[in-house]
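Trainee: Below are the C-alpha cells for one structure; questions will follow.
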Ligand SMILES: [Ca+2]
Ligand SMILES: [Ca+2]
Ligand SMILES: [Ca+2]
C-alpha cells in the first residue's frame with residue numbers, strides 16, 4: 001500500500017492474514033517501509049540507498065520486496081531512472097516509482113516484463129526517492145535481480161570504467177552496449193552558437209535495439225530527442241553556453257530492446273570554455289562555463305603582461321550551480337577593452 005501523509009504524527013500498520021477471508025492462514029513474513037525524504041537504513045543483504053548519477057547499481061527484489069533509493073537533485077534538473085531485469089525472462093516485472101522532496105508521486109511505470117523508466121524535471125531542490133519493486137500481473141508475485149541507473153542533468157557524472165559514457169573528449173565516435181533497461185550518458189560543454197551534431201546507430205544491423213538520443217540543456221530542459229529502428233540524429237545550434245547532457249537508451253515498445261550502439265558527434269569536448277555573449281558600447285559580456293576542475297583557480301586580467309600574482313582570482317564559489325560565470329568587462333576607460341583568462345593549476 002502507498003499513501004501520502006496528510007498529517008504529521010505516528011502511523012500504525014496492522015499486518016494480518018486474510019486467507020480466503022476466514023483468517024485460517026499463518027506464516028512468517030517480511031515487512032518494509034519506504035518513506036520519502038527520510039534516511040534509508042538497510043538490513044543486511046538488502047539493497048537501496050544513494051543512487052549515484054550515471055552509476056549502475058544492482059539489487060534483488062524478493063517476493064513482496066521493494067528497494068528504496070534516493071538522491072539529491074537541484075531545481076530544474078531533469079531526472080531519468082531506468083531499471084532492467086538482470087536475468088532474461090525472470091518473473092520480475094520491474095516497477096519504478098519516483099517521488100519528489102514533498103512526497104508527491106512524479107512518475108511511475110510497471111507495464112513491461114523486462115524494464116522500466118521514470119522521468120521528471122525537478123521543481124524543487126531536495127531529496128528524491130525511487131522505489132524499485134515488482135508489479136507482476138498486479139499481484140506482486142514476481143522476483144528477481146535488477147540493475148538501476150540514475151541520470152540527471154548537472155554534475156558530477158560518475159561512470160564505471162567498464163561502462164560507456166562520461167565526459168566527451170573530442171572523439172567523433174563512442175561505442176557502447178545497452179542491456180535491457182540500460183542507459184548511457186555523456187556531458188560536454190559548448191558556447192552559444194556552436195553546432196551540435198549527434199547521431200546514434202545500432203552496431204549490429206537489425207538488432208532489437210531502437211536507439212534513442214536525448215539532448216538536455218545546461219538548465220535541465222530537454223532540447224531535442226530522436227529515435228529510429230536503426231539510427232537517429234540530432235542537429236542544432238547551442239541556444240546557450242553551458243554543460244549539455246546526452247542520454248542514449250532504447251525506446252522499443254515496453255523497453256524490450258538491447259544491443260551495441262555507436263554515438264557519433266562533431267568533436268564535442270568537455271572543459272573550460274570562454275564564450276563571447278555579445279557587447280554594447282559600454283561592456284562586453286562573456287560566460288565562462290565548465291569550470292569544474294578541482295584545485296584549479298581561474299585568473300583574469302586586462303593586461304596580459306601583468307605578473308601572475310597580480311591577476312584577479314575567480315574562485316569556484318563565484319560560479320553558479322551550472323558551473324557558469326557571467327562576466328561583464330567594462331570597455332571604458334580605453335585600454336580595458338581586452339580581458340585575458342588563465343588557469344592556475346593546483
Ligand atoms: Ca532487495
Ligand atoms: Ca520479467
Ligand atoms: Ca533495431
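Trainee: Can you tell me which residue in region 242-278 is farthest from residue 213 (Cα to Cα), limited to those that are at pLDDT below 95 and part of a loop (DSSP other than H, G, I, E, B)?
Mentor: Among those that are at pLDDT below 95 and part of a loop (DSSP other than H, G, I, E, B), it is 272.
Trainee: Moving on to the next point. Going through 107, 116, 70 one at a time, which residue ends up being within 26 Å of residue 166 (Cβ to Cβ), within 16 Å of ligand 2 (Cβ to nearest atom) and not in a loop (DSSP other than H, G, I, E, B)?
Mentor: The match here is 116.
Trainee: Quickly run through region 124-173 and pick out the residues that are in contact with a strand residue (DSSP E or B) (Cβ under 6 Å, 6 or more places away or on another chain) and more than 28 Å from residue 270 (Cβ to Cβ).
Mentor: 129, 131, 132, 133, 134, 135, 140, 142, 143, 144, 145, 146
Trainee: Please state which one of 80, 87, 68, 14 is over 30 Å from residue 222 (Cα atoms), away from ligand 3 (no atom under 16 Å from the Cβ) and surrounded by 10 or more Cβ atoms within 10 Å (Cβ to Cβ).
Mentor: Values: 80 fails: over 30 Å from residue 222 (Cα atoms); 68 fails: over 30 Å from residue 222 (Cα atoms); 14 fails: surrounded by 10 or more Cβ atoms within 10 Å (Cβ to Cβ).
Within the list 80, 87, 68, 14, the selection yields 87.
Trainee: Another one. For residues that are in contact with a helix residue (DSSP H, G or I) (Cβ under 7 Å, 6 or more places away or on another chain) and surrounded by fewer than 19 Cβ atoms within 10 Å (Cβ to Cβ), scanning just region 90-119, find the one that is nearest to residue 51 (Cα to Cα).
Mentor: Among those residues, the one meeting the criterion is 111.
Trainee: May I ask you to list the residues in region 305-319 that are at pLDDT 85 or above and exposed (fewer than 13 other Cβ atoms within 10 Å of the Cβ)?
Mentor: Taking region 305-319 first, the residues at pLDDT 85 or above are 305-313.
Scanning region 305-319 gives 305, 307, 308, 309, 310, 312, 313.
Trainee: In addition: Among the residues of region 64-88, what is the count of those that are under 16 Å from residue 135 (Cβ atoms) and more than 11 Å from ligand 1 (Cβ to nearest atom)?
Mentor: Counting residues in region 64-88 that are under 16 Å from residue 135 (Cβ atoms) and more than 11 Å from ligand 1 (Cβ to nearest atom) gives 5.
Trainee: Counting only residues that are within 16 Å of ligand 1 (Cβ to nearest atom) and either free of Cβ contacts under 8 Å to residues at least 60 places away in the same chain or not assigned by TED's automatic domain parsing to the domain that holds residue 76 (or both), give me the strands (runs of 3 or more DSSP E) lying completely in region 130-217 with at least 3 of them.
Mentor: Strands (runs of 3 or more DSSP E) meeting the threshold: none at all.
Trainee: In addition: Of these, 257, 278, which one is more than 23 Å from residue 316 (Cα to Cα) and either in contact (Cβ under 8 Å) with a residue 40 or more places away in the chain or under 19 Å from the mean Cα position of the chain (by Cα) (or both)?
Mentor: 257
The values are calculated or read from the model by the stated rules, or taken from the named source; none is laboratory data. Model, not experiment: these values are computed from the prediction. We place every Cβ from the backbone using ideal geometry, glycine too, and count neighbours over all the protein chains shown.
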